[in-house]
Every structure is written in structure tokens, then in C-alpha cells.
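S.K.: Please read through the structure below; I'll follow up with questions.
The values are calculated or read from the model by the stated rules, or taken from the named source; none is laboratory data. Because the structure is predicted, anything quoted here is derived from the model rather than measured. Reconstructed Cβ throughout: ideal geometry from the backbone, glycine too, with neighbour counts over all protein chains shown. Note: accessible area is taken over every heavy atom of the protein model, side chains too, but ligands, DNA and RNA are not part of it. Shrake-Rupley method; radii C 1.70, N 1.55, O 1.52, S 1.80 Å.
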Amino acid sequence: MTTSPPIRRLWRDVTLFDGMDTLPEPMAVIVEGGRIVRVMPSARLADDEAANCTLQGTGGVLTPGLVDCHTHLVFGGSRADEFESRLEGASYEEIARRGGGILSTVHATRAASEEALFQAAKSRLEALMREGVTTVEIKSGYGLSVADELKMLRVARRLGEALPVRVVTTLLGAHALPPEFKDDSNGYIDLVCREMIPAAAEQRLADAVDVFCEKIAFSVAQCERVFEAAEAHGLPIKAHAEQLSNLGGSAMAARHGALSADHIEYLDEAGVAALREAGSVAVLLPGAFHTLRETQLPPIAALREAGVPMAIATDANPGSSPLFMPTLMLNFACTLFRLTPREALAGMTAHGARALGLHRQSLGRIAEGAPADLCLWDAKTPAELAYAVQPGRLRQRIYQGVLTHG
Ligand code: NIG
Ligand code: FE
């Protein structure tokens, strides 16, 4: 019996952004069995090696598949009415205090069937995938009861089974105080710690645990209790922190070895130092900054100076960032936050993967041994991907070595 040799796929003469840097000469990449097996200058590719491969693409810019490390893609309803209220002058905080905002999405999400949530999230996720996303993190946080949080996480898991994309799930039970616990936020934190986290862990529905540490959400002490419960169940942690004020949530999360602190517009020097010491990633969310017309910039220069890895994500959600376009975030990261195009791209590849704890498998990199998640773009330089907001430039999307677009 003969066995046919494994298929080796070749891209040659591409401009390669490897997740951290752009290589100086035209490159060749060979993929086999879902992994990258060779990365070398095209000029060094031997004829017999090329002859053993199926040529998959030439020219253009090749990057790792995009990693969107912070989204809230599963939700019911719409917040267009809140968008209009904010245009008339109401702030995000005021709307939340009135029982709108996140809680309005909670009502709609609780009322929606699992199938309806799945279908709606699927079309949002397909929009991200058409723009190059191969790994996406999806949070719960609009259920706020054990049953409804688990429902959201099941939808997120199912998305990863139904579509060619890697889905990482995060339990965000401590996102807002549900109406049943009005005036008893410690009681709700008890529920998160004693029931929600254990149930999500036992059913293997959550890959991490997140909190919203803010005056309109939960205190540093309450978030710390959530982290202790997550740790007891072996789950990594991350935090929405310093988005609207500086409470010190990022530093506390860093002390617990958080994968990331996200938003962080109000992060101070001590917070930057804490992230550096812990090796946590700073996840910057320019879509929320833009939508909320925030004026306080995250401390980019200090983060850069300290060498804290900066990731960029869509924060795709119905309230603070109804933006389902990762390439727009590359542009926003540069125009709003003054990142360089190189930093923005690293933020949606190598550093995005690090914010999910997936860098140990070289996810988000183009390197020998890394998973073969790749994007081939119609562009001359990687900087063009951040410079021009131009959907439809994705020529090929490769997920685990398989061409899924193009
Ligand atoms: O990342 N900051 C809190 N949570 C989300 C927004 C959720 C919402 O407004 O629905 C965020 O911005
Ligand atoms: Fe968020």
C-alpha cells in the first residue's frame, strides 16, 4: 500500500510581517499539517524544495491571522436608542446608573433563545473573519445569572465548533449588578464566586475569568474575591480596569498574575509598573475610546517605555464599541493612540495572542512550528493595513493550514 506524501503549501515572494516585525527581504513560507514548517528568504528557496510544494500565493503582505483578544460578540438586542441619547448629551455612566446600558442588553440577552443568540453572533463573527480574524475571545457578561451566563458561554463554544476560527471563552459574571441583587452587590459576588465560576469550570465552558472594576460596576476588593475564586478553579484572569476612573484594579489584577488589563485609559505610573512586573498585557480598545468620545488617553508612552506588550482589540459589543471591523482598530490605534503601524499590527497578532495566554504555542507569530493561521493581503507594505480603512483587501485567510477564504 502506498501513502501519498503530505501536502506542503508554499507562499513565496511575500512581504512578511511575522507578528513583531517586517522582514527586510521577500520571504517564502511553507505549511504542512496545520503548522508552519519553513520560513526563509525566497532567494534561498531551492528549486527541488519548491517543486515539492503546492504554490498557494505570491506577492502581497503575509501576516499571522488576526487575534481579536477582547470581544462581547454574544448578545441580544440593540442599543441604537442609547447611541442617540449619548448624542443628545447623556454619558455612558449616566445611562448605566439609570438601569440602561449593559443592563438593557442583559434583558434582551436573557429573553433570547440560545439559537437566536448563536445566529446573531455567528454573523458578527463572520464579519470579523472576513477581515482576517482567526482567533477571537468571546466574553459572557450579559446573562448575570448562573443559567444565563452558561447559556452565553455555550453559544461561544458552539461558534468555535461551527466556524473555522479559534474561540477562547471568558466568564464575565462580574460585569454589572443584575436587578435581582440591587443593593446587595456582595451577595451577587458570592453567587459569582460560589456558583458561577465553579459551574463554568466544571463544564469546561470558560477559559478565563474577567471582571469590570469600576465605580458603576465592582470594587477592587470585590474583583479580588472573584480572582481568588478563579484561581481556586485553575482559571487565568483578566480585568476591565481604569476605563472611566483610576481605582487601582489593573495593579490588583497584575498582583494576581493577570493575563491582561483592558481599556486602562486612566492607568497611572504605579499601574504601568505593576503590569510590567507581572508580565501582563495592556489591552487597548480604541473602538470604545472613540465611541464614548473619551478624551483621557491611555499612557502609551509609559507603557512603551516600560516594555509592557500592548494588544489591540475590537471590544465588539452593543454599547461602548459597536464596531465589528478589526482592521479599523489598527487605524484607530494609530490615529487615536499614536501607535506605530508596526505596534498596531503586533497588537492584533503576537501581543493579542499573549493576552489570551496562547503565545506559548507561538500563536500570533509566523515562525517554524507555529500554528498555520495566516492572512495574505492585497497590500505593498504592512503599514498600509493600518493606514487605509479599506475592507476587502484580504486575499486569503488560512486557518490551521486550510484555505478558508480566497
Ligand atoms: O468593554 N466596560 C465594560 N464593558 C464593556 C461594554 C459593555 C457594554 O456597554 O455593553 C466594554 O466597554
Ligand atoms: Fe469589554
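S.K.: Starting from the range 71-100, keep only residues that are within 27 Å of Ala355 (Cβ to Cβ), then list their pairs with residues that are surrounded by 13 or more Cβ atoms within 10 Å (Cβ to Cβ) and among the polar types (S, T, N, Q) whose Cβ atoms are within a distance under 6 Å, requiring at least 6 positions of separation or different chains.
M.R.: So the pair list comes out as Thr71/Thr314; His72/Asn317; Phe75/Thr105; Phe75/Thr109; Gly76/Thr109.
S.K.: Test each condition in (1) free of Cβ contacts under 8 Å to residues at least 24 places away in the same chain; (2) within 16 Å of ligand 1 (Cβ to nearest atom) for Met152 and report the one that comes out false.
M.R.: Failed condition: (1).
S.K.: Find the residue count for the range 239-259, including only residues that are of a type in the set (Gly, Ala, Ser), away from ligand 1 (no atom under 12 Å from the Cβ) and buried (at least 22 other Cβ atoms within 10 Å of the Cβ).
M.R.: 5
S.K.: May I pose another question? Run Pro341 past the list (1) surrounded by fewer than 22 Cβ atoms within 10 Å (Cβ to Cβ); (2) within 17 Å of Glu137 (Cα to Cα); (3) touching a helix residue (DSSP H, G or I) at 6+ places or on another chain (Cβ under 7 Å) and report the number of the one that doesn't hold.
M.R.: Pro341 satisfies all of (1) surrounded by fewer than 22 Cβ atoms within 10 Å (Cβ to Cβ); (2) within 17 Å of Glu137 (Cα to Cα); (3) touching a helix residue (DSSP H, G or I) at 6+ places or on another chain (Cβ under 7 Å) except (2).
S.K.: Something else: Residues that are within 16 Å of ligand 1 (Cβ to nearest atom), at pLDDT below 95 and in contact with a Pro (Cβ under 8 Å, 6 or more places away or on another chain): list the helices (runs of 4 or more DSSP H) wholly contained in the range 261-363 that include at least 3 such residues.
M.R.: none
S.K.: Additional query: Phe118: in the same structural domain as Ser320 (by the TED database) and among the aromatic types (Phe, Trp, Tyr), yes or no?
M.R.: Numbers: in the same structural domain as Ser320 (by the TED database): yes; among the aromatic types (Phe, Trp, Tyr): yes.
Yes.
S.K.: Among the strands (runs of 3 or more DSSP E) contained in the range 365-406, which hold 1 or more residues that are under 20 Å from Glu126 (Cβ atoms), open to solvent by less than 20 Å² (accessible area, probe 1.4 Å) and out of contact with any His (no Cβ under 8 Å at 6 or more places or on another chain)?
M.R.: On the way: elements: 374-377, 394-399, 402-405.
Here the list reads 374-377, 394-399.
S.K.: Counting only residues that are out of contact with any Lys or Arg (no Cβ under 8 Å at 6 or more places or on another chain) and assigned to a strand (DSSP E or B), which one in the range 221-260 is farthest from Tyr92 (Cα to Cα)? Before you say what the answer is, go through the steps one by one.
M.R.: Of the residues in the range 221-260, the ones out of contact with any Lys or Arg (no Cβ under 8 Å at 6 or more places or on another chain) are 221-228, 230-243, 246, 248-252, 254-257.
Still in the list and also assigned to a strand (DSSP E or B): 237-241.
Numbers: Ile237: 25, Lys238: 22, Ala239: 19, His240: 15, Ala241: 15 Å.
The residue in question is Ile237.
S.K.: Another question about this same structure. How about the range 1-22: which of its residues are more than 14 Å from Gly59 (Cα to Cα) and at pLDDT 95 or above?
M.R.: Restricting attention to the range 1-22, the residues satisfying the condition of being more than 14 Å from Gly59 (Cα to Cα) are 1-9, 18-22.
Arg8, Arg9, Asp18, Gly19, Met20, Asp21, Thr22 - these are the residues of the range 1-22 that are more than 14 Å from Gly59 (Cα to Cα) and at pLDDT 95 or above.
S.K.: Which members of the range 250-290 meet the condition of being touching a Leu at 6+ places or on another chain (Cβ under 9 Å) and charged (D, E, K, R)?
M.R.: Within the range 250-290, Asp262, Glu265, Arg276 meet the criteria.
S.K.: Taking Leu205 as the residue in question, decide whether it is away from ligand 1 (no atom under 16 Å from the Cβ), outside any helix (DSSP H, G or I) and closer than 19 Å to Gly143 by Cβ.
M.R.: Values: away from ligand 1 (no atom under 16 Å from the Cβ): yes; outside any helix (DSSP H, G or I): yes; closer than 19 Å to Gly143 by Cβ: yes.
For Leu205, the condition - away from ligand 1 (no atom under 16 Å from the Cβ), outside any helix (DSSP H, G or I) and closer than 19 Å to Gly143 by Cβ - is met.
S.K.: Then there's this: Residues to consider are Ala127, Ala116; find the one that is of a type in the set (Gly, Ala, Ser), open to solvent by less than 30 Å² (accessible area, probe 1.4 Å) and in a helix (DSSP H, G or I).
M.R.: Numbers: Ala116 fails: open to solvent by less than 30 Å² (accessible area, probe 1.4 Å).
None of the others qualify; the one that does is Ala127.
S.K.: On to the next question. Residue check: is Val74 more than 16 Å from ligand 1 (Cβ to nearest atom), hydrophobic (A, V, I, L, M, F, W, C) and modelled with pLDDT of 95 or more? Before you say what the answer is, go through the steps one by one.
M.R.: Working: more than 16 Å from ligand 1 (Cβ to nearest atom): no; hydrophobic (A, V, I, L, M, F, W, C): yes; modelled with pLDDT of 95 or more: yes.
Judged against the criteria, Val74 is not a match.
S.K.: Moving on to the next point. Out of all the residues in the range 6-22, which are surrounded by fewer than 16 Cβ atoms within 10 Å (Cβ to Cβ) and under 29 Å from Pro309 (Cα atoms)?
M.R.: Asp21
S.K.: If you don't mind, there's one more thing I want to ask. Answer yes or no: is there a residue in the range 88-102 that is outside any helix (DSSP H, G or I), within 13 Å of ligand 1 (Cβ to nearest atom), aliphatic (A, V, I, L, M) and crowded, with 22+ Cβ neighbours inside 10 Å.
M.R.: no
S.K.: Answer with yes or no whether Arg157 is under 16 Å from the mean Cα position of the chain (by Cα), open to solvent by 20 Å² or more (accessible area, probe 1.4 Å) and either basic (Lys, Arg) or at pLDDT below 95 (or both). I'd like the intermediate steps shown before the answer.
M.R.: Details: under 16 Å from the mean Cα position of the chain (by Cα): yes; open to solvent by 20 Å² or more (accessible area, probe 1.4 Å): yes; either basic (Lys, Arg) or at pLDDT below 95 (or both): yes.
Yes: the conditions hold for Arg157.
S.K.: Can you give me the number of residues within the range 209-238 that are away from ligand 1 (no atom under 15 Å from the Cβ) and either open to solvent by less than 10 Å² (accessible area, probe 1.4 Å) or in contact with a Gly (Cβ under 6 Å, 6 or more places away or on another chain) (or both)?
M.R.: 5
S.K.: Which one of these is open to solvent by less than 20 Å² (accessible area, probe 1.4 Å), within 16 Å of ligand 2 (Cβ to nearest atom) and not small (Gly, Ala, Ser): Thr63, Thr135, Thr169? Quick ask: steps written out before the conclusion?
M.R.: On the way: Thr63 fails: within 16 Å of ligand 2 (Cβ to nearest atom); Thr135 fails: within 16 Å of ligand 2 (Cβ to nearest atom).
When all the criteria are applied, what remains is Thr169.
S.K.: While we're here: Among the residues that make up the range 193-203, is at least one of them under 21 Å from Leu358 (Cβ atoms) and open to solvent by 10 Å² or more (accessible area, probe 1.4 Å)?
M.R.: Filtering the range 193-203 for residues under 21 Å from Leu358 (Cβ atoms) gives 200-201.
Okay, now just the ones that are also open to solvent by 10 Å² or more (accessible area, probe 1.4 Å), so 201.
Yes, some residue in the range 193-203 is under 21 Å from Leu358 (Cβ atoms) and open to solvent by 10 Å² or more (accessible area, probe 1.4 Å).
S.K.: Further question: Take Glu49 and tell me if it is within 16 Å of ligand 1 (Cβ to nearest atom), part of a helix (DSSP H, G or I) and more than 30 Å from Glu131 (Cβ to Cβ). Spell out how you get there, then give the answer.
M.R.: Values: within 16 Å of ligand 1 (Cβ to nearest atom): no; part of a helix (DSSP H, G or I): yes; more than 30 Å from Glu131 (Cβ to Cβ): yes.
For Glu49, the condition - within 16 Å of ligand 1 (Cβ to nearest atom), part of a helix (DSSP H, G or I) and more than 30 Å from Glu131 (Cβ to Cβ) - is not met.
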